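Colleague: Please see the structure below; I have some questions.
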Amino acid sequence: MGPLVILVARRIALGLLLLLAVSVLIFIGTQILPGDVAQSILGQSATPTALANLRRDLGLDDPAWLRYFRWLFGVLTGDLGQSLANGQDIATEIGHRLGNTLFLAFWAAVVAVPLAILLGLVAVRFRNRWPDKLISGVTLASISLPEFFIGYVLIFLFGVKLQLFPSVATVHDGMSLLEKLNAIALPVAVLTLVVLAHMMRMTRAAILNVMQSAYIETAELKGLSAFKVIFRHAFPNAISPIVNVVMINLAYLVVGVVVVEVIFVYPGMGQYLVDHVAKRDVPVVQATGLIFAAVYIVLNLVADVVAIVSNPRLRHPK
Amino acid sequence: MRIPVSALVGLVLTGGFFLMAVFAPWVAPYGMAEIVGDVWEPASAEHWLGTDNIGRDLLSRIIFGGRTTIVIASLATMLSFSLGAILGFSAAVAGGWVDQAMSRLNDLIMSIPTLIFALVVLSVMPVTLPVLILVMGLLDSTRVFRLSRAVAVDINVMDFVEAARLRGEGRLWIIFREILPNALSPLVAEMGLRFIFAVLFLSTLSFLGLGVQPPASDWGGMVKENKDGIVFGIGAALWPAAAISALAISVNLVADWVLNRTSDLKGGRGG
C-alpha cells in the first residue's frame with residue numbers, strides 16, 4: 001500500500017498548491033487595469049479628496065501583495081467581504097446560492113451519468129451499425145450546439161407550446177422536493193444533453209479498448225451473449241477510465257451551469273457571477289470565480305485520485 | 001482525392017457563411033439597424049424571418065451579425081494560433097527549465113475554466129472589441145501551446161533538425177524553417193476546432209451581455225435581444241442560435257475530415 005498512499009498524497013498536495021496558485025491568478029486578473037474599485041464606487045465625477053479617502057478606508061493604498069494576503073486570509077476564515085453593488089455580505093449570499101447550484105448540478109449528474117454509460121454500452125454492442133452511427137452523429141451535433149440554443153428550443157417546445165414544464169426555474173425553500181424537481185426539469189435536460197455526448201463517446205472508447213483483450217475472445221468463444229460479454233467481462237475492466245471521464249464531465253457541468261442558470265433565471269452561483277461582472281463588483285467576482293475554479297480543480301483532482309487508486313498496476317508495483 | 005459527402009456539405013456551408021460575412025451589405029435586404037416594421041412581426045414575404053425585438057429585419061440582422069461573429073472569431077483564432085504556436089515551438093526547442101516553466105504556467109492557466117477566467121478579467125476591463133479578441137485569443141492560446149509543443153518535441157529530435165543545429169542555424173531558423181513546415185498539418189486540423197470554440201465562446205459572452213455591445217450585434221447578442229419573446233411563443237431568438245449551431249457543425253464536419261486525413265498519413269510528410 002505504501003507507494004499508492006505516497007502517489008495519492010503527492011497528487012493532493014499538488015492540488016492544494018494549484019488552488020493557491022489559482023487564487024493568485026484570479027487576484028491578478030482583477031488587478032490588470034490601473035482603474036480601481038474606489039473609482040467605480042464613486043463614479044467618474046468623484047472629487048480627488050473623496051477618492052483618496054475611500055481608497056484609504058478600503059485599504060487600496062497598500063501594496064498588491066498585502067491586499068492579496070488580506071483577501072486570502074478572509075477567504076480561508078469564511079469572510080468573503082461585502083458586495084460593492086449592494087453592500088451585502090458575500091458569504092451569506094453565496095451560501096444560499098451555492099446550495100441551489102449544486103442541487104441543479106447533482107440532479108443533472110444523476111440523470112446524465114447512468115444514461116451516458118448505458119448508451120455507451122449500446123454503442124459498443126451495435127458498433128458500426130446504425131445505433132452506433134446515430135450516437136456519433138448526435139455527439140457531433142451536441143459539441144457544436146451552444147447551451148442557449150438547446151435551452152431555448154426546449155423552453156419553446158416543452159415550456160411554451162406543450163406547457164409541460166415551467167420555462168423559468170424558480171426554486172425557494174418553501175417548495176417540496178417534487179416541486180423543485182419539476183421546476184428544474186428543463187435546465188437538467190439541457191445540462192444532461194451538454195455533457196452526455198462526451199461521456200458516452202469516452203465510455204464507448206474505454207470499453208472497445210478492453211474488448212480487444214484475449215479474455216474477451218475467450219468469453220465470446222464460450223458462446224456468451226454479446227450483452228453478457230460486455231456487462232460481465234468488459235465493463236468492470238473499463239470502470240477506471242469511465243470514472244475518470246465522469247469526473248471531468250462533472251467538473252464541466254459545474255461551469256456549464258453558469259449559462260444554463262442565466263437561461264432559466266435560476267437563483268444560483270452562475271447568475272450571481274454574471275450579474276456582478278456586469279456591475280463590475282470585483283469582490284463578488286473574485287469570490288465566485290475562486291469557488292467555481294476550486295470546485296473544478298477538486299473534481300479533476302478526484303478524477304486523478306480515482307485513476308491512481310483503481311489502477312492495479314500502481315497498487316502492486318514491481 | 002475523394003471528398004466524403006459530410007465534408008463536402010461542411011465545406012459548402014462554411015464557404016457560404018464566409019461569403020455571406022464578406023458581402024453582408026450586398027446580400028442583406030435591409031440595413032443592420034434600420035427599423036422597418038413592428039416588434040416581432042411574424043415571417044412574411046418582405047421579412048423572411050420576421051422582425052426582431054425593436055422591429056428590425058431579422059434576416060438582415062443575422063447576415064450582419066454573422067459578419068461580426070465570424071470576423072471576431074477569426075481574429076481571436078489567428079491570435080491564439082500565432083501566439084500559442086510560437087511559444088509552444090520555442091518551449092520545445094529551448095527545452096530544460098524554460099520549457100518546464102512555460103509548460104507549468106500553461107497548466108496553471110488551463111486549470112481555471114476558460115469562461116470563469118474570462119468573466120473575472122472582463123469584470124475590470126472595458127468590454128470593447130480589441131479587449132474581447134485579446135482575452136479570447138490569450139485564453140485559447142493555452143490549448144494551441146499544449147498541442148504545438150507536443151508536436152514540436154517530436155520533430156525536434158529528428159535528424160534534419162539536428163543537422164540544422166550542427167551547421168549553426170539560430171533558434172529562429174529552427175522554429176520557422178525546420179519545425180513549422182513539418183508541424184503545419186496537425187495544427188491546421190486543430191485550427192478548425194479552435195475556430196468553433198471561438199465562435200461558441202464569443203456567442204456565450206455576448207449572450208451573457210459581456211461580449212459585443214449594442215447597437216452592433218453578433219449572433220449571441222441577438223439571442224439575448226430576442227430571448228424575452230420565447231415565453232410568448234415568439235421564436236425570433238432561435239434563428240441566430242440556429243445560425244451559430246449551423247456554422248459550428250459545418251466547420252466541425254470539415255475539421256473532422258482534415259483530422260482523419262492527417263492521422264491516416266502516419267509518418268508521412270502530411271501533404
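The values are calculated or read from the model by the stated rules, or taken from the named source; none is laboratory data. Here the structure is a predicted model, which means the values were calculated and not measured. Here the Cβ positions follow ideal geometry from the backbone for every residue, glycine too, while neighbour counts run over all protein chains shown. Calculation scope for accessible area: heavy atoms of the full protein, side chains included, ligands and nucleic acids excluded. Shrake-Rupley method; radii C 1.70, N 1.55, O 1.52, S 1.80 Å.
Colleague: Inspect the range A:204-219 for any residue being buried (at least 17 other Cβ atoms within 10 Å of the Cβ), more than 14 Å from every other protein chain (Cβ to nearest Cβ), among the aliphatic types (A, V, I, L, M) and outside any helix (DSSP H, G or I) and give the result as yes or no.
Modeller: yes
Colleague: Then there's this: State yes or no: is residue B:26 surrounded by fewer than 19 Cβ atoms within 10 Å (Cβ to Cβ) and within 26 Å of the chain's Cα centre (by Cα)?
Modeller: Spelling it out, residue B:26 is indeed surrounded by fewer than 19 Cβ atoms within 10 Å (Cβ to Cβ) and within 26 Å of the chain's Cα centre (by Cα).
Colleague: State which residue is most open to solvent (accessible area, probe 1.4 Å) when the search covers only the range A:86-102 and only residues that are farther than 23 Å from residue A:198 by Cβ and among the hydrophobic types (A, V, I, L, M, F, W, C).
Modeller: Filtering the range A:86-102 for residues that are farther than 23 Å from residue A:198 by Cβ and among the hydrophobic types (A, V, I, L, M, F, W, C), the one most open to solvent (accessible area, probe 1.4 Å) comes out as A:98.
Colleague: Sticking with this one: Filter the range B:121-146 for residues that are modelled with pLDDT of 90 or more and touching a Gly at 6+ places or on another chain (Cβ under 8 Å) and give the result.
Modeller: B:132, B:140, B:141, B:142, B:143, B:144, B:145, B:146
Colleague: If we scan the range B:245-256, do we find a residue that is without any contact (Cβ under 8 Å) to a residue 40 or more places away in the chain and farther than 30 Å from residue B:153 by Cβ?
Modeller: Checked against the condition, which is being without any contact (Cβ under 8 Å) to a residue 40 or more places away in the chain and farther than 30 Å from residue B:153 by Cβ, the range B:245-256 yields at least one hit.
Colleague: Going residue by residue through the range A:83-91, is there one that turns out to be in a helix (DSSP H, G or I) and closer than 16 Å to residue A:258 by Cα?
Modeller: no
Colleague: For the range A:73-118, give me each residue that is under 25 Å from the mean Cα position of the chain (by Cα) and on the phi > 0 side of the Ramachandran plot.
Modeller: A:78, A:81
Colleague: Among the listed residues B:217, B:206, identify the single one that is of a type outside the set (Phe, Trp, Tyr) and assigned to a loop (DSSP other than H, G, I, E, B).
Modeller: B:217 is the lone residue from the list that is of a type outside the set (Phe, Trp, Tyr) and assigned to a loop (DSSP other than H, G, I, E, B).
Colleague: Further question: In the range A:68-84, is there at least one residue being more than 20 Å from residue B:113 (Cα to Cα), open to solvent by less than 50 Å² (accessible area, probe 1.4 Å), at pLDDT below 75 and away from every other protein chain (no Cβ under 14 Å)?
Modeller: No, that holds for no residue.
Colleague: Take the residues in the range A:147-179 that are among the hydroxyl-bearing types (Ser, Thr, Tyr) and more than 16 Å from residue B:235 (Cα to Cα), then tell me which one is least open to solvent (accessible area, probe 1.4 Å).
Modeller: A:176
Colleague: Name the one entry in A:258, A:254, A:274 that is within 25 Å of residue B:126 (Cα to Cα), in a helix (DSSP H, G or I), of a type outside the set (Asp, Glu) and in contact (Cβ under 8 Å) with a residue 24 or more places away in the chain.
Modeller: A:258
Colleague: Which count do you get for residues in the range A:119-158 that are at the interface with chain B (Cβ under 7 Å from one of its Cβ atoms), under 24 Å from residue A:179 (Cβ atoms) and more than 22 Å from the chain's Cα centre (by Cα)?
Modeller: Qualifying residue count, the range A:119-158: 2.
Colleague: From A:243, A:302, which residue is in contact with a helix residue (DSSP H, G or I) (Cβ under 6 Å, 6 or more places away or on another chain) and either at the interface with another protein chain (Cβ under 10 Å from one of its Cβ atoms) or open to solvent by 50 Å² or more (accessible area, probe 1.4 Å) (or both)?
Modeller: Selected residue: A:302, the only one of A:243, A:302 that is in contact with a helix residue (DSSP H, G or I) (Cβ under 6 Å, 6 or more places away or on another chain) and either at the interface with another protein chain (Cβ under 10 Å from one of its Cβ atoms) or open to solvent by 50 Å² or more (accessible area, probe 1.4 Å) (or both).
Colleague: Here is a list of conditions, (1) open to solvent by 20 Å² or more (accessible area, probe 1.4 Å); (2) within 13 Å of chain B (Cβ to nearest Cβ), and residue A:110 meets all of them except one; can you say which number that is?
Modeller: Residue A:110 satisfies all of (1) open to solvent by 20 Å² or more (accessible area, probe 1.4 Å); (2) within 13 Å of chain B (Cβ to nearest Cβ) except (2).
Colleague: Of the conditions (1) within 14 Å of chain A (Cβ to nearest Cβ); (2) more than 15 Å from residue A:149 (Cβ to Cβ); (3) within 16 Å of the chain's Cα centre (by Cα), residue B:189 fails just one. Which one is it?
Modeller: If we test residue B:189 against (1) within 14 Å of chain A (Cβ to nearest Cβ); (2) more than 15 Å from residue A:149 (Cβ to Cβ); (3) within 16 Å of the chain's Cα centre (by Cα), just (1) comes out false.
Colleague: Within the range B:120-143, which residues are under 20 Å from residue A:83 (Cα atoms) and assigned to a helix (DSSP H, G or I)?
Modeller: Once the filter is applied, which keeps residues that are under 20 Å from residue A:83 (Cα atoms) and assigned to a helix (DSSP H, G or I), the range B:120-143 yields B:120, B:121, B:122.
Colleague: A follow-up question, please. For residue B:119, state whether it is open to solvent by 30 Å² or more (accessible area, probe 1.4 Å) and in contact (Cβ under 8 Å) with a residue 60 or more places away in the chain.
Modeller: no
Colleague: Please verify whether residue B:57 is open to solvent by less than 10 Å² (accessible area, probe 1.4 Å) and either within 14 Å of another protein chain (Cβ to nearest Cβ) or among the charged types (D, E, K, R) (or both), treating the condition exactly as stated.
Modeller: Yes: the conditions hold for residue B:57.
Colleague: Residues being more than 10 Å from chain B (Cβ to nearest Cβ) and either aromatic (Phe, Trp, Tyr) or buried (at least 22 other Cβ atoms within 10 Å of the Cβ) (or both): count how many of those fall in the range A:250-270.
Modeller: Selection size over the range A:250-270: 9.
Colleague: Ok, one more. If I filter the range A:1-55 down to residues being outside any helix (DSSP H, G or I), within 10 Å of another protein chain (Cβ to nearest Cβ) and at pLDDT 70 or above, which single residue comes out as surrounded by the fewest Cβ atoms within 10 Å (Cβ to Cβ)?
Modeller: Ranking the candidates gives A:31 first.
Colleague: Out of (1) of a type outside the set (Phe, Trp, Tyr); (2) touching a residue at least 60 places away in the same chain (Cβ under 8 Å); (3) surrounded by 20 or more Cβ atoms within 10 Å (Cβ to Cβ); (4) within 14 Å of chain A (Cβ to nearest Cβ), the odd one out for residue B:133 is which?
Modeller: With (1) of a type outside the set (Phe, Trp, Tyr); (2) touching a residue at least 60 places away in the same chain (Cβ under 8 Å); (3) surrounded by 20 or more Cβ atoms within 10 Å (Cβ to Cβ); (4) within 14 Å of chain A (Cβ to nearest Cβ) applied to residue B:133, the lone miss is (4).
Colleague: Of these, B:166, B:180, B:253, B:205, which one is more than 9 Å from chain A (Cβ to nearest Cβ) and buried (at least 21 other Cβ atoms within 10 Å of the Cβ)?
Modeller: Being more than 9 Å from chain A (Cβ to nearest Cβ) and buried (at least 21 other Cβ atoms within 10 Å of the Cβ) holds for just one of B:166, B:180, B:253, B:205, which is B:205.
Colleague: Also, I was wondering about something else. Can residue B:113 be described as open to solvent by 50 Å² or more (accessible area, probe 1.4 Å) and within 14 Å of chain A (Cβ to nearest Cβ)?
Modeller: No, not satisfied.
Colleague: Still on this structure, please answer the following. Do we find a residue being under 30 Å from residue B:251 (Cα atoms), among the aromatic types (Phe, Trp, Tyr) and outside any loop (DSSP other than H, G, I, E, B) anywhere in the range A:130-146?
Modeller: Among the residues of the range A:130-146, at least one is under 30 Å from residue B:251 (Cα atoms), among the aromatic types (Phe, Trp, Tyr) and outside any loop (DSSP other than H, G, I, E, B), which makes the answer yes.
Colleague: Would you pick out the residues in the range B:35-81 that are among the aliphatic types (A, V, I, L, M) and touching a strand residue (DSSP E or B) at 6+ places or on another chain (Cβ under 9 Å)?
Modeller: Within the range B:35-81, B:35, B:36, B:39, B:49, B:54, B:58 qualify.
Colleague: What single numbered condition from (1) at pLDDT 85 or above; (2) open to solvent by 10 Å² or more (accessible area, probe 1.4 Å); (3) among the hydrophobic types (A, V, I, L, M, F, W, C) fails to hold for residue B:152?
Modeller: (2)
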